[in-house]
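Enquirer: One structure coming up, written as structure tokens, with questions to follow.
The values are calculated or read from the model by the stated rules, or taken from the named source; none is laboratory data. Fair warning: this is a prediction, and the values are worked out from it, not measured in the lab. So basically every Cβ, Gly included, is an ideal-geometry build from the backbone, and we count neighbours across all protein chains shown. Ligands, DNA and RNA are excluded from the accessible area calculation, which covers all protein heavy atoms including side chains. Shrake-Rupley method; radii C 1.70, N 1.55, O 1.52, S 1.80 Å.
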Amino acid sequence: MRKIIDTTLFALTWIFAAITLLVLLFIVAHIVINGVPHLDARLFEFAFTTENVSMMPALVSTIFMVVLTLLIALPLGIFTSIYLVEYVKKGNKFVMLIRSATEMLAGIPSIVYGLFGMLMFGQFFGFGWSLIAGVLTLGIMILPVIIRTTEEALKSVSDGYREGGYALGAGKLRVVFRIVLPSAVPGILAGVILAIGRIIGESAALIFTAGTMPQIPETLGHSARTLSVHMWVLSSEAHHTGEAYATAVVLLLLILVVNTAAAVVAKFFITK
């Protein structure tokens with residue numbers, strides 16, 4: 001009976017894995033087949049017009065959004081995780097409260113973050129539809145992901161590393177930043193990849209905060225349109241469906257480049 005159960009579970013695992021892979025391949029193939037024929041040099045011009053719905057302003061805005069959001073969220077998330085794992089005693093109720101709050105925030109729909117960002121950053125602080133309003137909103141949105149993944153990465157580092165550092169006379173701060181943190185980089189990068197994927201693919205929150213202006217933002221106070229918002233606008237207008245698919249292809253390539261770069265960096269720290 002045990003052998004039958006094991007064989008059944010093994011078969012189900014392979015079946016569901018194959019179904020997942022097939023669905024993923026179908027989605028990618030559908031996007032590529034419908035998008036590649038519409039990729040044109042005009043779509044990469046810096047000027048957006050009604051005749052040429054160029055995605056270049058959206059691409060530049062997306063890069064700005066990713067870099068600025070990570071500059072805000074990464075230090076906050078990493079230092080918070082270091083404090084929770086390395087400095088707070090185990091079983092602390094304050095830590096349990098923070099972890100419960102981060103898990104709850106991770107499950108909130110993005111449109112709720114968008115409404116919050118519009119009311120808080122757009123109206124209360126007077127930023128309106130602007131790049132900075134979108135950056136701050138996305139920073140809050142990805143913070144739980146970075147905190148939780150960094151926590152798990154730090155916990156996965158063997159205590160022997162810490163004890164060895166202390167035995168050599170290193171202080172707490174030096175052990176954390178010279179021994180523990182570099183060893184946890186591959187796990188932290190996994191959280192960064194998830195965060196970047198959410199930033200690049202986000203549209204609902206940015207419609208309420210960053211706006212939909214198809215131009216390269218000259219300042220943080222200007223409205224900006226990311227690739228995901230650009231794709232949503234084109235598909236909703238129903239006149240540029242092919243260009244929307246082309247934008248989706250560029251999105252896939254951008255995510256592929258980010259994941260490849262993160263994998264290279266993680267491999268560097270593992271083999272170092």
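Enquirer: Which order do peptides 70-82, 160-172, 17-29 fall in by mean Cβ count within 10 Å, highest first?
Expert: 70-82, 160-172, 17-29
Enquirer: Rank these by accessible area, largest first, 1.4 Å probe: Lys267, Lys155, Lys90, Lys3.
Expert: Listed by decreasing accessible area, they come as Lys90, Lys3, Lys267, Lys155.
Enquirer: Report in % the part of the accessible area of the range 1-50 that belongs to carbon and sulfur, leaving out ligands and nucleic acids; probe 1.4 Å. Can you show the working numbers first?
Expert: Values: 3460 of 4380 Å².
Carbon and sulfur together cover 79 percent of it.
Enquirer: Quantify, in whole percent, the carbon and sulfur part of the accessible surface of the range 160-264 (1.4 Å probe; protein heavy atoms only).
Expert: Answer for the range 160-264 is 67 percent, counting heavy atoms of protein chains only.
Enquirer: Here is a follow-up. Would you kindly derive the ³J(HN,Hα) couplings of the range 132-139 from the backbone phi angles with the Karplus curve 6.51 cos²θ - 1.76 cosθ + 1.60 (θ = phi - 60°), listing them in order in whole Hz, with x for Gly and Pro?
Expert: Working through the residues one at a time gives 5, 5, x, 4, 5, 5, 5, x Hz.
Enquirer: Please list, in order along the range 161-173, the HN-Hα scalar couplings obtained from phi with the Karplus expression 6.51 cos²θ - 1.76 cosθ + 1.60 (θ = phi - 60°), rounded to whole Hz, x for Gly and Pro.
Expert: Per residue, the Karplus-derived 3J(HN,Hα) values read 5, 5, 5, x, x, 5, 5, 7, x, 6, x, 4, 5 Hz.
Enquirer: Give me the accessible area per residue for the range 143-272, probe 1.4 Å, as a whole number in Å². Show your work: numbers first, answer last.
Expert: Numbers: 6330 Å² over 130 residues.
Result: 49 Å² of accessible area for each residue.
Enquirer: Heavy atoms only, probe 1.4 angstrom, no DNA, RNA or ligands counted: give me Ser61, Ser203 ranked by accessible area, highest first.
Expert: Ser203, Ser61
Enquirer: Also, I was wondering about something else. Can you compute the charge dipole magnitude of the chain about its Cα centre, using +1 on each Lys and Arg Cβ and -1 on each Asp and Glu Cβ, nothing else charged? Give it in debye, rounded to the nearest 20.
Expert: Working: 17 positive and 14 negative charges, 267 e Å.
The calculation lands at about 1280 debye.
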